[in-house]
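Accompanying notes for the structure given below.
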Amino acid sequence: MFRARLLLSCGPRSFARLLQLNIAYVAAPAHEAELRETRAVLDPAAFRAVRRENSAIRLCLGLIEYSLEIDLPDFIFENETFMSLYWAVVDM
């Protein structure tokens, strides 16, 4: 039901990104559990990468793009300045 409603107003690029963000978010707890099981201690950069996925903020940003009916082109997400701002929002 959610997917059917989502597809009514979600652009193809934002839908593809949202799908990938969902996949990453669902996989994140399993990865964190593996790290916990092996008692791995991550360096700050690796911890930040894990935390970015576990926090679901990226998923929320994808939903914001959908809720505002924005279908940003891929070249924007590939833009270095945009990605710098994007990761700053995620990390904040």
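Volume of the convex hull of the chain (Cα atoms only), normalised per residue: 99 Å³. Between Leu59, Leu21, Leu68, the residue with the greatest mean-square fluctuation in the GNM of the chain (Cα pairs under 10 Å linked by springs) is Leu68. Global size of region 47-92: 11.2, 33 Å for Rg and Dmax (C-alpha atoms, Rg to one decimal, Dmax whole). Our helix-only sum for the chain, with -39,500 (n - 2.57) per DSSP H run of n ≥ 4 divided by its residues, gives a mean residue ellipticity at 222 nm of -24500 deg cm²/dmol. Placing pseudo-labels 7 Å out from each Cα toward the beta carbon at Ala56 and Leu7 gives an inter-label distance of 2.4 nm. Taking all Cα pairs closer than 8 Å and separated by 6 or more residues, the relative contact order of the chain comes to 43 percent. Sites listed here are chymotrypsin sites (Phe, Trp or Tyr not before Pro) in region 1-64 whose DSSP assignment is loop and whose Cβ has at most 16 other Cβ atoms within 10 Å, and the list is empty. The local environment of Tyr25, defined by Cβ-Cβ distances under 14 Å, has a net charge of +2 under the rule Lys, Arg +1 and Asp, Glu -1.
Readers should treat all values here as calculations from the given coordinates under stated rules, not as data from a laboratory. Being a predicted model, the structure only gives us computed values, none of them experimental. All Cβ positions, glycine included, derive from the backbone under ideal geometry; neighbour counts span all protein chains shown.
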